[in-house]
1. Taking interchain pairs and intrachain pairs at least six residues apart, which have beta carbon atoms under 7 angstrom, with the first residue in segment 109-128 and over 15 Å from residue 141 (Cβ atoms) and the second among the aromatic types (Phe, Trp, Tyr) and in a loop (DSSP other than H, G, I, E, B)?
2. Go through segment 262-272 residue by residue and tally those that are part of a strand (DSSP E or B) and in contact with a strand residue (DSSP E or B) (Cβ under 6 Å, 6 or more places away or on another chain).
3. Out of curiosity, is residue 33 among the acidic types (Asp, Glu) and touching a strand residue (DSSP E or B) at 6+ places or on another chain (Cβ under 7 Å)?
4. Residue pairs, Cβ under 7 Å, 6 or more apart or interchain, first in segment 148-163 and touching a residue at least 60 places away in the same chain (Cβ under 8 Å) and more than 12 Å from residue 124 (Cα to Cα), second crowded, with 23+ Cβ neighbours inside 10 Å and aromatic (Phe, Trp, Tyr). List them.
5. Taking segment 207-233, which residues are buried (at least 19 other Cβ atoms within 10 Å of the Cβ) and in a loop (DSSP other than H, G, I, E, B)?
6. Mind listing whichever residues of segment 72-83 are more than 11 Å from residue 28 (Cβ to Cβ) and not charged (D, E, K, R)?
7. Taking residue 278 and the conditions (1) outside any strand (DSSP E or B); (2) surrounded by 15 or more Cβ atoms within 10 Å (Cβ to Cβ), which numbered condition does it fall short on, given that it satisfies the others?
8. Only one residue in 145, 183 is assigned to a helix (DSSP H, G or I), among the charged types (D, E, K, R), buried (at least 17 other Cβ atoms within 10 Å of the Cβ) and touching a Gly at 6+ places or on another chain (Cβ under 8 Å). Which one?
Amino acid sequence: MARLRIPFTSLSLSLIFVFSILNLAHCKTLKRDVKALNEIKASLGWRVVYAWVGDDPCGDGDLPPWSGVTCSTVGDYRVVTELEVYAVSIVGPFPTAVTSLLDLTRLDLHNNKLTGPIPPQIGRLKRLKILNLRWNKLQDAIPPEIGELKSLTHLYLSFNNFKGEIPKELADLPDLRYLYLHENRLMGRIPPELGTLQNLRHLDAGNNHLVGTIRELIRIDGCFPSLRNLYLNNNYFTGGIPAQLANLSSLEILYLSHNKMSGVIPSSVALIPKLTYLYLDHNQFSGRIPEAFYKHPFLKEMYIEGNAFRPGVNPIGLHKVLEVSDSDFLV
């Protein structure tokens, strides 16, 4: 007897979706996550609490999931996979209970008023891909335990009050693509080990108290193979621009403004094929700008004011402040 074959139609997809929703609704939320979110609820204040109704963050009966909380089904249970509570003026220390949400892939608490340090328990969130804590008042050192978050692709720590050195353990994040550290109080040198990150596209360490030289930063052979944007502006970097910088063949933006760098500009830098924005202003550079820069097919802007270049050296392009929003890279 021939079997009846039912075509896989949009109706079939709809039924699968409905059954998935029903399955999610009837699963119990893992007690660990319920406990953690209720602890967070108790600590965040009324601005969040009014939207978090019920005891189950993933929803219970007719109650929907809590705002900013995303849950997924794992076996017979629901777990919290995303927590996004931003721009609601949360005041107080970083909620340590967050580090018990072991299935989190995204943690976004940006644009609040969180204070104190990031707890070292942050290293427990092994599945975390996006950590966004920018625009808070977080303090103390960046915990080296962040280097244990092996799945991390986006790390946003800008616009806080972090101090101390950039932990070299950040070089242990094999999938890291975007690293935002600007507008803090970081000191010391940028660990050259960051150059071993094969997927790093954007490194912004501007507006800190960092020292050192570009030569030290790129001393590892084959470093920064995917780096497109390098922001080191408003620090205390010294020395010159080494010719080896041309080995960063993916570089598009080089932002060195407001440092204490000196020397001549090597013509080899003009060989970086996609270099588009070059900011050299307010340093102590001297000599001439090699003619190759003026013939570069992609170079749109080159800022040179506030240096000791010879007369007749001209900038390139219209001078405007280059600002790249964090949201341009947040996915």
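The values are calculated or read from the model by the stated rules, or taken from the named source; none is laboratory data. From a predicted model like this one, the values you see are computed outputs, not experimental measurements. Cβ coordinates were reconstructed from backbone atoms using ideal geometry, including for glycine residues, and neighbour counts include every protein chain displayed.
1. Listed by first residue and then by second, the contacts come to 109/86; 110/86; 110/135; 111/86; 111/135; 112/86; 114/94.
2. We begin by selecting, within segment 262-272, every residue part of a strand (DSSP E or B); these are 262-263.
Still in the list and also in contact with a strand residue (DSSP E or B) (Cβ under 6 Å, 6 or more places away or on another chain): 262.
Number satisfying all stated conditions: 1.
3. Working: among the acidic types (Asp, Glu): yes; touching a strand residue (DSSP E or B) at 6+ places or on another chain (Cβ under 7 Å): yes.
So residue 33 fits the description; yes.
4. 156/180; 158/180
5. Taking segment 207-233 as the starting set, the residues that turn out to be buried (at least 19 other Cβ atoms within 10 Å of the Cβ) are 207-208, 210, 214, 217-218, 223-224, 227, 229-233.
Across segment 207-233, the qualifying residues are 207, 208, 218, 223, 224, 227, 232, 233.
6. Here is the first cut: in segment 72-83, the ones more than 11 Å from residue 28 (Cβ to Cβ) are 72, 74, 80-83.
Result: 72, 74, 80, 81, 83.
7. Of (1) outside any strand (DSSP E or B); (2) surrounded by 15 or more Cβ atoms within 10 Å (Cβ to Cβ), only one is false for residue 278: (1).
8. On the way: 183 fails: assigned to a helix (DSSP H, G or I).
The unique qualifying residue is 145.
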